[in-house]
């Protein structure tokens, strides 16, 4: 997905918020914002938004001398999610269709996104989770997703945000762990999940966690390790969480790749032809087929 003009203010807001996570020094804020403005002015808009975010976040880490500006925010979101896990797990276990309920909660967890908002608004998160519990997916779409999960011998699950990992566990608990590889970033970028975050989220040891080789948002295959790219190409089924994975992977050729996300951005809403706030389960192969018709 290319970068739209509407994305540019988000880059600036994101840069300023990240600085304020790290320091109260307004001179540093100004220096970072000036360099960010310069970088944004030179950006090739045919590239994806995560490619620009990657440049901005590296600049912030360098200029603030902080390798992980969102560390405390990630820890807070994980603690919040862990506090909810027992009650959400009980609701999944009691549901008429546990797999669908777990998937709804996994998508609802995508709301914990400090790239969209720096606020840890627990009441808002709870409202989204409750709405997810009441909102079924399209029956035909989810039936196909269920069938693909059952048939796949290898499942690559691309993680998104740190606190969201706990919500992913609800879905992973219902899948055969021996078929799953859970993919995290190889270094910090915004509040994206790393190995450290997965450990804090108390992921079961039976889930094989791997790194992409990249510290960029989404999945920029040209930033990833050769080993990961080979796994990506060979996987029977890929589950890609969050908007950044949609931005970086939606232009690939058709394959069994499912995007699971909450629509939080007007540009994503436009691309998916879905209302803001919608809970999305979409198959890349089907999207390509519809575009061709």
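Only one of the numbered conditions (1) touching a residue at least 12 places away in the same chain (Cβ under 8 Å); (2) out of contact with any strand residue (DSSP E or B) (no Cβ under 7 Å at 6 or more places or on another chain) is not met by residue 137, and that is (2).
Confirm whether residue 35 is in contact (Cβ under 8 Å) with a residue 60 or more places away in the chain and either surrounded by fewer than 17 Cβ atoms within 10 Å (Cβ to Cβ) or not assigned by TED's automatic domain parsing to the domain that holds residue 146 (or both). So residue 35 does not fit the description; no. The single condition from (1) part of a loop (DSSP other than H, G, I, E, B); (2) within 20 Å of residue 67 (Cβ to Cβ); (3) modelled with pLDDT of 95 or more that residue 198 fails is (1). Of all the listed residues (280, 189, 238), the sole one being modelled with pLDDT under 95, assigned by TED's automatic domain parsing to the domain that holds residue 159 and farther than 30 Å from residue 61 by Cα is 280.
For the stretch 1-22, a residue qualifies if it is in contact with a helix residue (DSSP H, G or I) (Cβ under 8 Å, 6 or more places away or on another chain) and over 22 Å from residue 215 (Cα atoms), and the qualifying residues are 4, 6.
Listed by position, the helices (runs of 4 or more DSSP H) enclosed by the stretch 66-168 that each have at least 3 residues that are closer than 22 Å to residue 249 by Cα and either touching a helix residue (DSSP H, G or I) at 6+ places or on another chain (Cβ under 9 Å) or in the same structural domain as residue 237 (by TED's automatic domain parsing) (or both) are 98-108, 139-151. Considering only the stretch 209-228, state which residues are farther than 23 Å from residue 112 by Cα, assigned to a loop (DSSP other than H, G, I, E, B) and touching a strand residue (DSSP E or B) at 6+ places or on another chain (Cβ under 8 Å). Hit for the stretch 209-228 is 225, nothing else.
Can you tell me which residue in the stretch 176-208 is surrounded by the most Cβ atoms within 10 Å (Cβ to Cβ), limited to those that are farther than 21 Å from residue 73 by Cβ and touching a strand residue (DSSP E or B) at 6+ places or on another chain (Cβ under 7 Å)? So the residue we want is 183.
The values are calculated or read from the model by the stated rules, or taken from the named source; none is laboratory data. Source: prediction; values computed, not measured. Please note: Cβ atoms are built from the backbone with ideal geometry, for glycine as well, and neighbour counts cover all protein chains shown.
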